[in-house]
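Data block below; observations after.
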Amino acid sequence: MHALADLADQAEHDERLPGESRTGPRVSLLLRAAKLVSPTAEFLCILRDVSTRGLKARLFHRLPDERPLKLELGNGQRFSVEPVWEKDSHAGFRFLHDNVAVSELVRESTPFPRRSLRLKLDRDVVVHDGERQHAARLCDISLLGVLIETAATLPLRKEVTIDHGRIALGAARVRWRRGRLHGLVLQRSLTIEQLAMLIAHVHQVGDDGALAPLALD
C-alpha cells in the first residue's frame with residue numbers, strides 16, 4: 001500500500017479535465033481528500049486537479065455503478081458530478097451544473113473547526129470487550145475513529161475490537177457515550193488508502209466486484 005505522502009509523487013496523467021482545453025484555468029489541489037457519494041454509499045477519493053467545469057480525482061477502487069454521484073468536500077458542500085473517464089486509478093468528472101468557482105472549492109471554507117472526513121456506514125458488527133461480545137451497528141468511520149450504536153453500555157476508556165466479517169479494525173477505546181451511541185478512538189489510526197480500501201471492501205466495490213476479507217495490519 002502507498003502511504004498518503006507517497007501519493008504526491010505519482011505521475012500526472014495526460015487526460016484533460018472535462019470540458020476544458022489544456023490552456024484552460026486549472027488548479028492542482030494535490031492531496032485534498034473528499035467523498036464520492038452514491039445513492040446508497042460514500043467512498044473516499046483524493047482531488048488532484050480542478051477547473052470551473054470538472055475535476056480529476058485519485059481513486060482506490062473502480063467507480064461505483066450507481067448514479068447519480070455527488071462530490072462532497074470536508075465542509076459538507078456538495079457538487080453533482082458525472083464520470084467522463086476512468087484510467088489507472090484516476091477518474092475525470094464533469095460538474096453537472098453551472099461553472100463552479102474554483103477559489104471556493106479550493107478554500108473549502110467553514111465556520112466550524114475542521115474534522116477528519118467521516119464516511120457514513122450502516123453495517124452490523126460485533127464488538128469484543130475482552131470478556132463478552134456485543135451486537136452493534138457501525139454508523140460512520142474516519143481516519144481516527146468510529147461511531148457505533150449498541151444496546152450494551154461500554155465503559156469509558158474501555159479497550160474493544162470491532163469485527164465486521166469482511167474487515168477487522170483492530171483495537172479501539174471508548175472515548176464518549178451518549179445513550180446507545182459510542183464514539184471510539186482507534187488505537188492505530190488509518191491511512192487514507194487504508195480507509196478507502198476498507199470502505200471498498202465493506203461495499204464490495206473492487207476490480208472484480210468481489211473482494212476478499214481485508215486485514216488492517
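Computed from the coordinates by the stated procedures, all read-outs in this text should not be read as laboratory data. Every value quoted in this text rests on a predicted model; they were computed, and no experiment measured them. Virtual Cβ from ideal backbone geometry, glycine too; neighbours counted across all protein chains shown.
A few points about this structure:
- The order of the peptides 141-148, 73-80, 51-58 by mean Cβ neighbours within 10 Å, most packed first, is 51-58, 141-148, 73-80.
- Net charge of the neighbourhood of THR153, taken over other residues with C-beta under 14 Å away and scored Lys/Arg +1, Asp/Glu -1, is +3.
- Treating r as the C-beta distance of ASP122 and ALA171 and R0 as 22 Å, the FRET efficiency rounds to 0.40.
- The tail of the calculated P(r) for segment 132-211, taken as Cα-Cα distances beyond 22 Å, holds 25 percent of the pairs.
- Set of lysines with alpha-carbon distance to LYS70 below 23 Å, sequence-local pairs under 8 removed: LYS35, LYS56, LYS87, LYS120
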